[in-house]
Structure formats: C-alpha cells, structure tokens
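The values are calculated or read from the model by the stated rules, or taken from the named source; none is laboratory data. As the structure is a computational prediction, the values presented were derived from the model and not from experiment. Backbone-built Cβ (ideal geometry, glycine too); neighbour counts: all protein chains shown. Note: accessible area is taken over every heavy atom of the protein model, side chains too, but ligands, DNA and RNA are not part of it. Shrake-Rupley method; radii C 1.70, N 1.55, O 1.52, S 1.80 Å.
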Amino acid sequence: MEIIKLRDEYIKLGQALKAAGLAESGVAAKYAVENGEVTVNGQVATQRGKKLAEGDLVEYMGETIKIIK
C-alpha cells in the first residue's frame, strides 16, 4: 500500500497516481481514469481532477493508495 501525505487540503486523483508511481505521466493517469481502471473508495472514478482528502483509498492495477493528513 502506498501512502500519500497531504500538503494541502486535497490532492487531485491524477496527481496522486503520479506521486505513488502508478502512472508515468499526467496523460497516463488521464487514460487510466477515462478507461474506468481506477476506483476511489470502491467507486469507479471518472474525473482525474477528483479531489482526494484524508482517508480516501484509491485502487489501480492491484495497488492501493491511502491518503493521510
């Protein structure tokens, strides 16, 4: 499980995927989200700009990202 510590109130989904090393670029993150390959708290995410806050769990390619404060 990857842990991302927030510096601000939130982090955007695409940024979180890149920060965790699960997407090589913003474009790769965009396509993963658009193709329905990413879930946030168990729901398929369709916006790479979705704001993630403390406690959110992101799943992509069998990996989990946890957002903490």
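Normalising the average separation of contacting C-alpha pairs (under 8 angstrom, six or more residues apart) by the number of residues puts the relative contact order of the chain at 41 percent. Considering only GluC sites (Glu not before Pro) in DSSP loops that have at most 14 other Cβ atoms within 10 Å, the longest stretch of the chain without any of them is 38-53. Take the Cα of Lys51, step 7 Å along the line toward its Cβ, and report every residue of the range 1-29 whose backbone nitrogen sits under 17 Å from that point. What the label zone holds, given the 17 Å backbone N cut-off, is 6-16.
Taking the square roots of 5 times each eigenvalue of the Cα gyration tensor of the chain, largest first, gives ellipsoid semi-axes of 16, 12, 11 Å.
Could you work out what % of the accessible surface of the chain is carbon and sulfur, using a 1.4 angstrom probe and leaving DNA, RNA and ligands out of the count?
43
A DSSP coil position with no more than 11 other Cβ atoms inside 10 Å describes none of the chymotrypsin sites (Phe, Trp or Tyr not before Pro) in the chain.
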